[in-house]
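Below is one structure, written out as structure tokens; comments come after it.
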Amino acid sequence: MSFSLGYYGDTAMKKIPGGGAVGWYDVPEGVDVRGRYDEEFAKILTKDALMFVAELQREFRSHVKYAMECRKEAKMRYNSGLVPGFDPATRNVREGDWVCAEVPPAVADRRVEITGPVERKMIINALNSGAKVFMADFEDALSPTWENLMRGQVNLKDAVNGTIRFEDKARNKVYKLNDQTAKLFVRPRGWHLPESHIYIDGEPAIGCLVDFGLYFHHNYAAFRKSQGQGFGPFFYLPKMENSREARIWNNVFERAEKMAGIEKGSIRATVLIETLPAVFQMDEILYELRDHSVGLNCGRWDYIFSYVKTFQAHPDRLLPDRVLVGMGQHFMRSYSDLLIRTCHRRGVHAMGGMAAQIPIRDDPEANKAALELVKKDKLREVRAGHDGTWAAHPGLIPAIMEVFNNNMGNNPNLIKTMKREDAANITEEDLLQIPRGVRTIEGLRLNTRVGIQYVAAWLTGTGSVPLYNLMEDAATAEISRVQNWQWLKYGVELDGDGLGVRVTTELFGKVVEEEMSRIEREVGSNRFKKGMYKEACKIFTRQCTAPVLDDFLTLNAYNHIVVHHPKGPSRL
Ligand SMILES: CC(=O)SCCNC(=O)CCNC(=O)[C@H](O)C(C)(C)COP(=O)(O)OP(=O)(O)OC[C@H]1O[C@@H](n2cnc3c(N)ncnc32)[C@H](O)[C@@H]1OP(=O)(O)O
Ligand SMILES: O=CC(=O)O
Ligand SMILES: [Mg+2]
């Protein structure tokens with residue numbers, strides 16, 4: 001028998017009669033839990049659950065490593081001047097006449113989906129929000145601290161069991177589930193992120209296998225009974241670049257179904273198309289997951305980030321200011337249209353994406369304008385043929401629901417009615433067309449202000465934040481980072497505001513200094529001192545000026561949020 005040693009944190013320690021300070025996770029051979037011990041976490045990190053995660057890791061680690069090597073190779077190709085495109089080797093898959101498995105009745109209607117981190121109160125609010133689906137997020141909206149991840153698992157287990165409660169003592173308010181709730185989807189992290197609080201055979205666990213494995217192990221039976229009408233659990237899969245990565249997920253699902261003794265095809269997942277290479281692989285991704293698919297989603301923010309990242313070595317493909325890269329740009333519209341056509345041809349949902357606007361409480365005029373922007377975006381989506389879309393905030397749901405209701409009629413979805421055959425003509429050039437617009441010093445300033453504040457929040461355990469009346473999360477912050485990096489790298493001229501200045505290290509240094517002062521003024525010096533703004537500024541500045549672009553902000557900054565017990569912060 002193996003035990004993994006952890007220490008109780010201060011709060012838990014007080015609860016122990018006699019002041020005992022040490023707790024143990026009962027772990028299987030080869031598994032070492034280095035995160036803090038907590039009695040609640042121990043109910044998630046059971047020996048059986050860890051055994052399942054370890055089995056997944058052992059079976060799939062070499063496939064994941066190979067897939068990550070392939071990403072590096074593709075990056076080298078793009079950096080040498082090539083551009084992504086359709087793969088001639090998989091033409092038969094694109095041209096073939098196959099369809100995915102029937103959509104499960106429980107999730108036929110997904111017209112409005114709310115998303116949010118796996119935080120206790122937000123889970124209850126989201127499930128009660130009136131949306132058809134809630135996507136509980138271990139990814140863009142979550143800072144993957146040990147506490148967030150493990151509490152997230154505890155919260156989801158309580159949610160699936162229907163027992164989740166939250167008491168806001170300050171407001172004397174108790175939160176619990178309504179009779180009617182949204183259907184739960186869970187989004188694990190991407191393939192690239194390690195989970196450094198759990199070691200398996202001497203190396204960090206693969207983050208998404210921890211998220212998936214623990215959630216699946218504890219919830220599949222209850223979920224299928226209470227939520228899935230015999231199907232499920234349901235997932236969203238992020239940030240894939242190639243169908244080989246979807247094949248690994250398909251195999252993970254089959255492995256999980258076998259372990260649970262449930263029918264093949266029970267687990268269903270929607271894949272986010274949110275990297276530029278993946279838009280050329282949509283048929284191939286659906287094909288790999290054809291027994292387990294419930295569609296694709298336009299992850300527009302990561303997609304924009306990926307456009308910059310993919311073309312990091314292409315100075316002829318620079319983006320305009322971030323605020324100008326919307327769904328109206330030709331390459332974005334082409335991506336959404338082709339996604340709809342692909343999904344409907346294969347019999348599954350084509351989900352829209354996230355408008356970044358959120359309700360503005362203290363300014364009715366601005367609030368009205370934000371809501372109009374959301375409605376306009378959703379109207380474009382439903383008219384184009386999207387079967388549903390995302391909402392960042394419960395306050396937006398009635399308006400979004402109305403737009404979809406008014407345009408979908410009585411259909412639960414548009415899969416059979418909006419074939420979008422016209423989109424068959426979309427070409428590689430359409431999908432890669434350079435977005436139009438100007439670059440300005442205000443664009444550089446906003447990227448810097450938003451990037452630093454997002455990293456500061458992320459370092460303190462918050463993965464989605466309201467900034468300047470918009471939702472910001474890891475995907476939107478990535479756009480700010482890579483855009484600054486690219487503008488610096490190529491000494492771009494910012495002439496959109498008539499100033500005609502070049503982006504140099506000196507200019508960027510000055511902008512950082514001035515934006516830090518502005519942040520301090522805006523948040524107040526007390527909060528500024530207590531927060532992690534200075535650390536965030538250092539990290540963000542380093543990332544923007546790095547000679548080689550970091551693949552992911554969150555991967556680069558991850559060691560700052562890893563806390564090993566009892567050994568202290570990890571050096572990774
Ligand atoms: C690019 C992508 O990947 S998009 C998907 C990932 N991103 C997300 O999921 C972001 C989700 N949204 C959010 O996190 C939040 O809405 C934020 C951070 C943008 C704004 O949060 P706040 O400023 O705290 O919102 P606000 O104060 O208006 O909240 C009002 C109430 O709504 C709740 N709420 C707000 N957003 C959500 C949500 N997405 N899900 C559930 N409840 C929510 C709050 O908990 C609060 O509840 P209460 O009144 O019971 O206390
Ligand atoms: O995950 C969604 C996105 O837009 O990124
Ligand atoms: Mg994303």
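Computed from the coordinates by the stated procedures, all read-outs in this text should not be read as laboratory data. Since the model is a prediction, treat every value here as computed from it, not as a measurement. Using ideal geometry, Cβ is built from the backbone for each residue, glycine included, and neighbour counts are taken over all protein chains shown.
Pairwise Cα separations in the chain fall into 20 Å bins from 0 onward with the following percentages, short to long: 21, 57, 22, 0. Size of region 199-311 from its Cα atoms: along the principal axes, largest to smallest, the extents are 44, 37, 21 Å. Placing R0 at 30 angstrom, the Cβ-Cβ distance between ASP316 and GLU421 gives a FRET efficiency of 0.35 after rounding to 0.05. The calculated FRET efficiency for ASP168 paired with ASN92, based on their beta-carbon distance and R0 = 56 Å, is about 0.50.
Rounded to the nearest 500 deg cm²/dmol, what is the calculated helix-only ellipticity per residue at 222 nm for the chain, with -39500 (n - 2.57) per DSSP H run of length n ≥ 4?
-14500 deg cm²/dmol
In terms of overall dimensions, region 251-295 has a Cα radius of gyration and Dmax of 11.9, 37 angstrom.
For region 34-93, what does the convex hull of the Cα positions come to per residue, in cubic angstrom?
Output value, Cα hull per residue: 174 Å³.
Under the simplified labelling scheme, the GLU442-GLU73 pair shows an inter-label distance of 4.6 nm, with each label point 7 Å from Cα along Cα→Cβ.
With R₀ set to 41 Å, the beta-carbon distance separating ILE434 from ASN410 gives a calculated FRET efficiency near 0.50. What the Cα convex hull of region 37-136 gives, in volume per residue, is 246 Å³.
For region 278-308, backbone nitrogen atoms closer than 20 Å to the point 7 Å from ALA108 Cα along Cα-to-C-beta are found at 291-296.
Within straight cross-link reach of LYS264, meaning Cα distance under 22 Å, which lysines are found once same-chain residues fewer than 8 apart are removed? Straight-line reach from LYS264, under 22 Å: LYS183, LYS225. Rounded to two decimals, the Cα-based Rg/Rh of region 440-524, with Kirkwood Rh, is 0.98.
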